[in-house]
2 protein chains.
Amino acid sequence: MPNENPIFELRTDPIVGRRVLIAEDRAGRPNDFLAPEASREDASTVADCPFCAGNESRTPESLLEVAGETGPWQVRVVPNKYPAVTLDPPLASSRPGTPLPGIPPLGTHEVFIESPRHVRDITELSAAELARVLRVHRQRLHDWSADERIRQVIIFKNVGNPAGASLEHLHSQLVALPEVPAVIAAELQAGHEYHSAHGECIFCALLRDELADGRRLVASNDSFVAFCASAGRQPYETWILPREHYASFEQLTIEDSESLAALLQDVIGRLQAQLTPLAYNLILHTSPTGQADVAHYHWHFELVPRSTQLAGFEWGTGMHINPLAPERAAARLRDVA
Amino acid sequence: MPNENPIFELRTDPIVGRRVLIAEDRAGRPNDFLAPEASREDASTVADCPFCAGNESRTPESLLEVAGETGPWQVRVVPNKYPAVTLDPPLASSRPGTPLPGIPPLGTHEVFIESPRHVRDITELSAAELARVLRVHRQRLHDWSADERIRQVIIFKNVGNPAGASLEHLHSQLVALPEVPAVIAAELQAGHEYHSAHGECIFCALLRDELADGRRLVASNDSFVAFCASAGRQPYETWILPREHYASFEQLTIEDSESLAALLQDVIGRLQAQLTPLAYNLILHTSPTGQADVAHYHWHFELVPRSTQLAGFEWGTGMHINPLAPERAAARLRDVA
């Protein structure tokens, strides 16, 4: 139900400082997955999908369009119609009554529509198409890195309802924020401490250890390595790192985009063979803006398949329970024909 | 599928230090919710439920049984048949090949079966029955607090499949750990800093502010107050605090258990009127063992209804997006007849 005077704020937990975006407009999002099973098929037709070619009028105007071999475009970047952050926040004076305990939710929120066709996962793209999508990610990261208001860009993909997707047409999202969020800050801190102590990137050291150990390796090529995280939070959690040290995804070359696309499709294909239907979050971890060359950070993807629910134990401790050992998960993924 | 040589370890993320329990035996848990809708009703009959009276042989032997007005028992405490931690860890030498990157997952994991009847939520208990359950929670917290191996006791309840429950018969769980987990440690740190600066408990200050502000209040009685958290992570996230300063749930009196039971039933009833079906996690936050009297911590419940999925943004940042303002959520809960 729509709310009058929707509230749109960044709030901070009064005890532990956790950040929460209150974004009431998002409650109005369309949702392919709320429909009953019988009618879900309808939502996947071109006519009903706002992301399909021909329905461009149902999204905001493109910020960027990239042509493919066929059709009017292959990738469209559009503002998220239901953003969690904005560079044009509502004026505080528009709020009735006493002030609410938040501040304007500064940032930008974009959607990458990754194909004009109604496809559901990256394995339905050609390798060249996926490489092109990755280069558009790199481009928008680069664009926002030049904006003085922005400190961190987060790029992520949600596939499937258990992973929080509301539309099934293949897409990804970018959120640019004026501060470095807790997850990235913790990695930077660990990377800084390790580099100070050992003179080496902590991720480079981890990659060397995983290659030497071998039990958690899933797939690799000349430029990238995929392995199951030794302390994976969910079954089959997989990290993908460039072999060479690069702090920022901005440093992705055209050749690398092709290698990365091939490896991502390989890994997702293996996961699809183990988990049906496959739902996952794919999250790019890259250095804050202006830190593209630091020695203590190493960009990577964290791929989190979503087959188990977080429960009270996880919410109350910050610990996770994973019922499948990463070594066994990796062996199963390696065994996929 | 059962695994040979199931792996059972506490692991630490090599970058940020996050703790993960690898507990492969848990993959074999029974699950009421995996059955198709049509046959789910069958799983809720007494014959099929391991927690119903008459089926005691399908659980491990009771650690504690409490009699009710009728029947052989009202509350049973049993070891979790699929524990995430254990005080009898498998010997490291039983692991084949090179060592895995974990240590024994020390702790204990218990289940509270809260009724001999096949009930699904606390609103189906009498207030006296729920008060008795809360006193059994207090008793087990007290028991484990005397064990030198234990530093922190976590007690939580998962209701509904979206909240991670695998069985619908009303139950809760206790996990006792040899270390203070990250979520509680962050609260203790914040409480310590605030008390050092202001000479007051940070939770007492928050409670005073919420009572004065009033917009997020849900319900209260002489001893307890329920309000929507100002930076709630999910719609309708509600915290319940004792009005008086108590660091540990061990300090719960018989009279308090009755007040608390009444308020919990009131709040859950209001949530059931807004969210159907209601799925939630209810998590007790209490001080570490041996710190029952500290001035800088205040026990409380965090009640997290589960109506939206965590997605890539949350996994990649540690921030949350909540599409319902806590002020509006509280107003709706207050309005329930």
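The values are calculated or read from the model by the stated rules, or taken from the named source; none is laboratory data. All of these numbers come straight from a predicted model, not from anything done at the bench. Reconstructed Cβ throughout: ideal geometry from the backbone, glycine too, with neighbour counts over all protein chains shown. The protein model used for the area step is the full one, side chains on, heavy atoms only, and it has no ligands, DNA or RNA in it. Shrake-Rupley method; radii C 1.70, N 1.55, O 1.52, S 1.80 Å.
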Select from segment A:223-242 the residues that are away from chain B (no Cβ under 11 Å) and out of contact with any helix residue (DSSP H, G or I) (no Cβ under 8 Å at 6 or more places or on another chain) and list them in ascending order. none
Residue tally, condition under 25 Å from B:Leu264 (Cβ atoms), more than 7 Å from every other protein chain (Cβ to nearest Cβ), open to solvent by 10 Å² or more (accessible area, probe 1.4 Å) and aliphatic (A, V, I, L, M), over segment B:166-195: 2
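For segment B:262-306, which residues satisfy the criterion of being of a type in the set (Gly, Ala, Ser), surrounded by fewer than 23 Cβ atoms within 10 Å (Cβ to Cβ) and either within 14 Å of chain A (Cβ to nearest Cβ) or on the phi < 0 side of the Ramachandran plot (or both)? First the steps, then the outcome.
So in segment B:262-306, the residues of a type in the set (Gly, Ala, Ser) come out as B:262, B:269, B:273, B:279, B:287, B:290, B:292, B:295.
Adding the requirement that they be surrounded by fewer than 23 Cβ atoms within 10 Å (Cβ to Cβ) leaves B:262, B:269, B:273, B:279, B:290, B:292, B:295.
Listed by number, the residues that qualify are B:Ala262, B:Gly269, B:Ala273, B:Ala279, B:Ala292, B:Ala295.
So that you can scan it fast, the table gives a plain yes or no per residue for (1) open to solvent by less than 30 Å² (accessible area, probe 1.4 Å); (2) closer than 22 Å to B:Thr59 by Cα; (3) assigned to a helix (DSSP H, G or I):
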| site | (1), (2), (3) |
| --- | --- |
| B:Pro116 | yes, yes, no |
| B:Arg120 | no, yes, no |
| B:Glu129 | yes, yes, yes |
| B:Val133 | yes, yes, yes |
| B:His137 | yes, yes, yes |
| B:His142 | no, no, yes |
| B:Arg149 | no, no, no |
Can you name every residue in segment A:12-56 that is over 22 Å from A:Asn158 (Cα atoms), at pLDDT below 95 and within 10 Å of chain B (Cβ to nearest Cβ)? none
Residues within segment B:145-165 that are farther than 13 Å from B:Ser287 by Cα and more than 14 Å from chain A (Cβ to nearest Cβ), tallied: 4
With respect to B:Ser220, determine if the residue is more than 10 Å from every other protein chain (Cβ to nearest Cβ), open to solvent by 50 Å² or more (accessible area, probe 1.4 Å), farther than 17 Å from B:Ile155 by Cα and touching a strand residue (DSSP E or B) at 6+ places or on another chain (Cβ under 8 Å). yes
Do you know which residues across segment A:202-212 are open to solvent by less than 60 Å² (accessible area, probe 1.4 Å) and either within 11 Å of another protein chain (Cβ to nearest Cβ) or in contact with a Pro (Cβ under 6 Å, 6 or more places away or on another chain) (or both)? A:Ile202, A:Phe203, A:Ala205, A:Leu206, A:Leu207, A:Glu210
If a residue must be of a type in the set (A, V, I, L, M, F, W, C), more than 7 Å from every other protein chain (Cβ to nearest Cβ) and surrounded by 22 or more Cβ atoms within 10 Å (Cβ to Cβ), how many such residues does segment A:314-337 contain? 3
